[in-house]
Each structure stands twice: as structure tokens, then as C-alpha cells.
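Novice: Take a look at the following structure, please.
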Amino acid sequence: MKVMVMGAGVIGVTTAYCLLKDGHEVTVLERNAGAAEETSATNAGLIAPGHAYAWASPKAPAMLLKSLWRDDQALRFKPRLDPRLWRWSLSFLRQCTAARARANTLRKHRLCLYAQAAFNEMVAETGVAYDGENRGLLYLYRNARDFDQSVAKTAILSGGGQDLRAVDRDEIARIDPALAPVKDKLAGAIYCPTDASGDARLFTQGLAEACTGMGGRFLYGTAIRGIETEGDQVVRVATDRGEERAEVYVMALGCESPLLARRLGVRLPIYPVKGYSVTLPVEAGHSPPAIGGVDEGNLVAYARMGKRLRVTATAEFAGYDLAHKPADFRHMLAAARDLFPAGGQWDRPDYRACLRPMTPEGSPIFGLGAQRNLYYNVGHGHMGWTMACGAARITADLVAGRDTEIPIEGMTLR
Ligand SMILES: Cc1cc2nc3c(=O)[nH]c(=O)nc-3n(C[C@H](O)[C@H](O)[C@H](O)COP(=O)(O)OP(=O)(O)OC[C@H]3O[C@@H](n4cnc5c(N)ncnc54)[C@H](O)[C@@H]3O)c2cc1C
């Protein structure tokens with residue numbers, strides 16, 4: 001079949017790859033000059049089924065409330081006259097019960113595990129380079145009470161088959177010697193030996209090249225202006241460079257997806273949640289982290305990517321605004337530098353902001369909406385790099401009319 005994938009982020013490109021493997025004729029439309037130039041460009045790089053907890057939890061409402069008057073929080077919620085924000089926030093609050101947090105976490109976790117296995121197969125099949133690191137991730141706690149609570153919380157994911165180990169500060173220093181000089185600042189950590197990290201942009205760009213080698217057609221510099229329908233079918237996509245047609249369409253437009261879908265009568269419960277990302281050069285004499293992780297008290301994620309150190313933080317509800325200033329990065333840089341004083345070239349930060357396509361539940365949306373030839377692969381939130389290859393397989397299975405290999409209940413529109 002002729003299939004058109006809209007968007008060349010990590011989700012669109014992995015989907016294109018799975019569709020090409022199934023023998024389809026695939027065209028990818030992307031407004032940027034290359035693949036993975038938006039949210040997939042500068043995420044934290046963590047491939048983290050061991051951290052698949054839903055954001056909507058019984059603790060979240062208090063965090064949101066606190067952010068109304070505090071500016072130094074990792075979570076920044078400022079009320080705006082934006083009906084989409086209010087609708088999304090109410091849905092999010094409805095997910096904050098213990099029972100829903102648990103169900104949402106388990107659903108996300110199942111997808112993340114499936115996706116990690118699919119990712120490893122894709123890497124083996126294509127040999128795509130991505131500055132990967134496969135020795136696990138450390139989730140660090142600076143105070144004993146938070147650490148104890150997190151140890152109790154691991155039961156949810158351990159029940160789902162995840163190997164999670166509570167480790168003390170000496171063990172932390174053994175697992176990542178870069179943390180040895182600061183181990184006394186830590187109360188403990190959860191170590192997930194099967195979690196990993198890598199550069200999503202490098203992977204996506206390499207995979208796009210592999211797709212081209214398989215016959216995939218990438219139309220870069222092509223902005224989608226509208227999706228045209230007749231009856232219950234999409235018939236063409238209007239772009240700034242003319243029309244494109246296919247038999248089947250897949251939407252993988254990240255945070256832009258709800259804006260285009262709305263015009264088709266489909267309401268996608270996705271809101272952009274802004275994050276800040278810094279990349280620093282790592283040079284001779286530096287002691288960067290050996291493996292990635294999260295400073296949980298400060299909600300700062302980090303990973304070494306070859307000769308770079310990536311640090312990300314913050315969840316800000318600021319609509320589609322991508323502006324940033326050095327002050328936005330001050331707290332996260334201070335926290336990361338406190339752990340890795342010689343981790344990289346701290347005076348040469350490359351700043352960026354990007355938007356997580358978040359659903360209230362934290363799980364993505366698959367399958368058909370109002371049109372019978374338009375599939376959605378959207379809303380991967382804060383875990384799209386981890387979920388991408390599994391989400392791509394699920395989408396290819398749906399397009400082919402096959403059963404998906406894992407259940408997708410709770411992740412569809414219909
Ligand atoms: C700060 C931060 C840290 C993160 N850390 C992690 C992490 O450690 N691990 C993890 O698993 N996930 C992480 N994520 C989440 C992950 O990065 C995202 O879920 C993922 O990148 C989403 O991919 P996507 O392809 O859906 O979106 P995008 O990468 O944004 O791709 C969408 C594509 O669609 C294109 N597009 C949009 N509109 C149009 C149009 N009209 N015409 C043509 N093209 C269009 C865009 O140009 C873009 O290339 C993080 C996110 C942030 C913000």
C-alpha cells in the first residue's frame with residue numbers, strides 16, 4: 001500500500017521503518033530540513049522502562065498547587081486563558097487517584113518493555129549508531145524519606161517484571177565512579193540494570209537514512225497545511241509545496257497533532273509540556289557520568305552521549321512557546337554540577353527548549369479516529385524515545401490489520 005507518515009521525529013521515522021519492512025511504499029512529510037529536529041532532538045536520552053511511573057499521581061495536585069506561587073519548581077504551572085489547558089488539567093487531575101496512577105503506570109510500563117525489545121532488534125537489524133550506553137540507569141535520592149518512599153513504590157514495576165534494586169551510597173559509587181566524590185550527598189538510589197540511554201536524534205537520523213535505503217521517500221522542508229477528507233476518508237494532504245496523496249496516512253506530528261486533528265473532528269487529549277535541555281561538551285580531563293540517571297529531588301535527568309553531556313529538567317505549561325533564557329536553566333545546571341562538578345564544560349552550555357506531547361494518562365494514542373484510513377501514533381509525552389519502536393510496531397500491525405503483540409486497551413480513540 002502507499003502510506004504517508006506525517007512527521008519525522010523519532011515516532012514518525014520508526015513507524016516508517018516498520019511500514020517499509022512490511023513492504024509498503026512509504027513517504028514521510030517533514031517541515032524541517034532533516035529528521036528529529038524538534039522534541040526528539042534534545043531529550044534526556046533515557047531508555048527507561050524502570051522509570052515508567054505515570055506523572056498523574058496522588059502527589060501531583062500538591063505539586064501543581066505549589067508551582068502557582070513558587071518560580072523555582074521543576075513543575076511550572078501558571079494559569080492561562082487557554083481552554084485546552086483547562087480541559088487537559090481537569091483530565092489530568094482525574095487521573096491522580098492511587099488506582100488510576102497504578103493502572104496508567106502498568107500500561108505505560110508494558111509498552112516501554114515491549115518497545116525496548118523492539119529498539120534492540122531495530123539497532124541489531126540496521127546497525128544505526130546512537131551513542132548508546134547499556135549499563136543501566138541510576139535514580140538518585142538525596143533524602144532518606146524520599147528514598148524509602150521510592151523503594152516502596154518499586155513494587156508496582158517489579159510486579160510488572162522490572163529488575164529494580166535499592167542501592168546504598170557505596171554501591172552507587174561502585175556502579176558509577178563519577179559519583180564517588182559526592183556519594184555522601186546521596187541517601188540512596190534505585191538502580192535499574194536493564195535501562196539504557198542514547199541520542200534519539202542520532203538514532204532517528206541514522207534510521208531515516210536506513211529507510212531511504214529501503215526505498216522510503218522523505219520530503220523534508222515540507223510543511224503540512226491541512227488534511228483533506230471526502231466522506232470518512234483522507235484523500236490528500238495539502239502542503240506548502242503542493243498536494244501529496246496516499247492510500248493510508250499515519251499522523252506522528254508530536255505536539256502539532258491535536259491542532260491538525262481538531263480540524264478533522266478528532267479531539268486528541270494532548271497538551272505541550274515544555275522542558276529545558278542543555279548539552280555540554282565533554283573533553284579530556286572531565287569525569288562525566290558513566291551511566292545516565294535522574295536526580296529525583298530536583299527532577300533533573302542526565303546522560304552522557306559520546307563526547308557530550310545532556311541535562312534536562314522542568315515541566316512547564318506554557319502553550320507552544322519555545323522561548324528560553326539562561327535563568328530557566330540555572331536551577332537544573334546547579335543541581336547537575338553539584339553531582340558532576342567535572343562532568344563537562346559547564347561554561348559552554350548549548351540551551352534548548354522542547355515540548356513533550358503529553359496525554360493526561362501519560363500513554364500514547366494509537367489507531368483510527370474519525371477517518372478510516374488515518375492512523376494516529378501520537379502523545380508519547382515524556383517517554384517517546386523509550387516507547388518509539390514499540391509504538392511503531394503497533395502502528396504497522398494496525399495498518400496491516402494484524403493483532404498487536406501487546407494489548408492497546410486504554411490507548412485508542414475509539
Ligand atoms: C526535556 C525533555 C526530556 C525528555 N527526555 C526523555 C527521555 O529521557 N526518554 C524518553 O523516552 N523520552 C524523553 N522525552 C520525550 C520524547 O523526547 C518525546 O516523547 C518524543 O521525542 C516525541 O517524538 P515525536 O516524534 O512524537 O515528536 P517530535 O520529535 O516533535 O516530531 C514531530 C515531527 O513532526 C513535525 N511536524 C509537526 N508539524 C508539522 C507540520 N505541520 N508539517 C510537517 N511536519 C510537521 C515536526 O517538525 C517534528 O519533526 C523528553 C522530552 C523532553 C521535552
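Novice: For the range 349-375, what are the residues that are on the phi > 0 side of the Ramachandran plot and away from the ligand (no atom under 14 Å from the Cβ)?
Specialist: Passing the criteria: only G367.
Novice: Do we find that G161 is out of contact with any strand residue (DSSP E or B) (no Cβ under 9 Å at 6 or more places or on another chain), more than 18 Å from G384 (Cα to Cα), of a type outside the set (K, R) and not in a helix (DSSP H, G or I) in this structure?
Specialist: For G161, the condition - out of contact with any strand residue (DSSP E or B) (no Cβ under 9 Å at 6 or more places or on another chain), more than 18 Å from G384 (Cα to Cα), of a type outside the set (K, R) and not in a helix (DSSP H, G or I) - is met.
Novice: Now for a separate question. If you scan the range 222-242, which residues turn out to be out of contact with any helix residue (DSSP H, G or I) (no Cβ under 8 Å at 6 or more places or on another chain) and within 13 Å of the ligand (Cβ to nearest atom)?
Specialist: T222, A223, R225, V237, A238, T239, D240, R241 - these are the residues of the range 222-242 that are out of contact with any helix residue (DSSP H, G or I) (no Cβ under 8 Å at 6 or more places or on another chain) and within 13 Å of the ligand (Cβ to nearest atom).
Novice: Name the residues in the range 234-273 that are in contact with a Ser or Thr (Cβ under 6 Å, 6 or more places away or on another chain) and surrounded by fewer than 19 Cβ atoms within 10 Å (Cβ to Cβ), would you?
Specialist: Those that are in contact with a Ser or Thr (Cβ under 6 Å, 6 or more places away or on another chain) and surrounded by fewer than 19 Cβ atoms within 10 Å (Cβ to Cβ): T239, R241, P269.
Novice: Could I ask something else about it? Please state which one of D328, D338, D397 is over 18 Å from the mean Cα position of the chain (by Cα), of a type in the set (D, E), within 14 Å of the ligand (Cβ to nearest atom) and assigned to a helix (DSSP H, G or I).
Specialist: Answer to the check: D328.
Novice: Give the residue, chosen from I156, I190, that is under 24 Å from N43 (Cα atoms) and either among the aliphatic types (A, V, I, L, M) or outside any helix (DSSP H, G or I) (or both). Spell out how you get there, then give the answer.
Specialist: Numbers: I156 fails: under 24 Å from N43 (Cα atoms).
Result: I190 is the single residue among I156, I190 that is under 24 Å from N43 (Cα atoms) and either among the aliphatic types (A, V, I, L, M) or outside any helix (DSSP H, G or I) (or both).
Novice: Inspect all residues belonging to the range 126-141 and state whether any of them is under 29 Å from E405 (Cα atoms), assigned to a helix (DSSP H, G or I) and either polar (S, T, N, Q) or over 23 Å from the mean Cα position of the chain (by Cα) (or both).
Specialist: The answer is yes, given that some residue of the range 126-141 is under 29 Å from E405 (Cα atoms), assigned to a helix (DSSP H, G or I) and either polar (S, T, N, Q) or over 23 Å from the mean Cα position of the chain (by Cα) (or both).
Novice: A196 - would you say it is small (G, A, S) and within 15 Å of the ligand (Cβ to nearest atom)?
Specialist: Yes; evaluated as a whole, the condition is true for this residue.
Novice: Also, quick follow-up: Hey, does the range 315-322 have a residue that's more than 24 Å from W86 (Cα to Cα), surrounded by fewer than 21 Cβ atoms within 10 Å (Cβ to Cβ) and among the charged types (D, E, K, R)?
Specialist: The answer is no; no qualifying residue exists.
Novice: Which residue is farthest from the chain's Cα centre (by Cα), if the candidates are limited to the range 368-394 and must be surrounded by 18 or more Cβ atoms within 10 Å (Cβ to Cβ) and of a type in the set (G, A, S)?
Specialist: G369
Novice: Is it true that G206 is within 16 Å of the ligand (Cβ to nearest atom) and in contact (Cβ under 8 Å) with a residue 40 or more places away in the chain? If you could, list the steps in order and put the result at the bottom.
Specialist: Values: within 16 Å of the ligand (Cβ to nearest atom): yes; in contact (Cβ under 8 Å) with a residue 40 or more places away in the chain: yes.
Spelling it out, G206 is indeed within 16 Å of the ligand (Cβ to nearest atom) and in contact (Cβ under 8 Å) with a residue 40 or more places away in the chain.
Novice: Return the only residue of G45, G12 being in contact (Cβ under 8 Å) with a residue 24 or more places away in the chain, in contact with a strand residue (DSSP E or B) (Cβ under 6 Å, 6 or more places away or on another chain), more than 22 Å from N298 (Cβ to Cβ) and near the ligand (Cβ under 9 Å from one of its atoms).
Specialist: Exactly one residue qualifies, and that residue is G12.
Novice: Same structure again: Return the residues of the range 164-181 that are surrounded by fewer than 18 Cβ atoms within 10 Å (Cβ to Cβ), in contact with a helix residue (DSSP H, G or I) (Cβ under 8 Å, 6 or more places away or on another chain) and over 17 Å from D146 (Cβ atoms); say none if nothing qualifies.
Specialist: D170, A180
Novice: Tell me which residues, restricted to the range 99-151, are among the hydroxyl-bearing types (S, T, Y) and farther than 21 Å from L309 by Cα.
Specialist: T105, Y114, T126, S150
Novice: Being closer than 17 Å to L268 by Cα and surrounded by 17 or more Cβ atoms within 10 Å (Cβ to Cβ) is the filter here; which residues of the range 52-94 pass it?
Specialist: R84, L85, W88, S89, F92 - these are the residues of the range 52-94 that are closer than 17 Å to L268 by Cα and surrounded by 17 or more Cβ atoms within 10 Å (Cβ to Cβ).
Novice: List the strands (runs of 3 or more DSSP E) inside the range 198-270, counting only whole elements, that have at least 2 residues being acidic (D, E).
Specialist: Correct list: 224-230, 242-244.
This table checks each residue for (1) surrounded by 18 or more Cβ atoms within 10 Å (Cβ to Cβ); (2) assigned to a strand (DSSP E or B).
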| residue | (1), (2) |
| --- | --- |
| G275 | yes, yes |
| V278 | yes, yes |
| A284 | no, no |
| P289 | yes, no |
| V294 | yes, yes |
| G297 | no, no |
| A301 | yes, yes |
| R304 | yes, yes |
| L309 | yes, yes |
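Novice: Of everything in the range 75-91, what is out of contact with any Ser or Thr (no Cβ under 6 Å at 6 or more places or on another chain), of a type in the set (A, V, I, L, M) and closer than 19 Å to G275 by Cα? Give them in sequence order.
Specialist: L85
Novice: Condition check: within 21 Å of the chain's Cα centre (by Cα) and at pLDDT 95 or above. Does P193 satisfy that?
Specialist: Working: within 21 Å of the chain's Cα centre (by Cα): yes; at pLDDT 95 or above: yes.
Spelling it out, P193 is indeed within 21 Å of the chain's Cα centre (by Cα) and at pLDDT 95 or above.
Novice: Identify the single condition in (1) in a helix (DSSP H, G or I); (2) among the small types (G, A, S); (3) within 30 Å of T126 (Cα to Cα); (4) without any contact (Cβ under 8 Å) to a residue 24 or more places away in the chain that G23 does not satisfy, given that it satisfies every other one.
Specialist: Just one mismatch for G23, condition (1).
Novice: Of everything in the range 15-34 that's within 7 Å of the ligand (Cβ to nearest atom) and not basic (K, R), which residue is surrounded by the fewest Cβ atoms within 10 Å (Cβ to Cβ)? Before you say what the answer is, go through the steps one by one.
Specialist: Of the residues in the range 15-34, the ones within 7 Å of the ligand (Cβ to nearest atom) are 29-32.
After this cut, where a residue has to be not basic (K, R) as well, the list is 29-30, 32.
Details: L29: 26, E30: 27, N32: 16.
Checking each candidate, the answer is N32.
The values are calculated or read from the model by the stated rules, or taken from the named source; none is laboratory data. All of these numbers come straight from a predicted model, not from anything done at the bench. Positions of Cβ are backbone-derived with ideal geometry, glycine not excepted, and every protein chain shown enters the neighbour counts.
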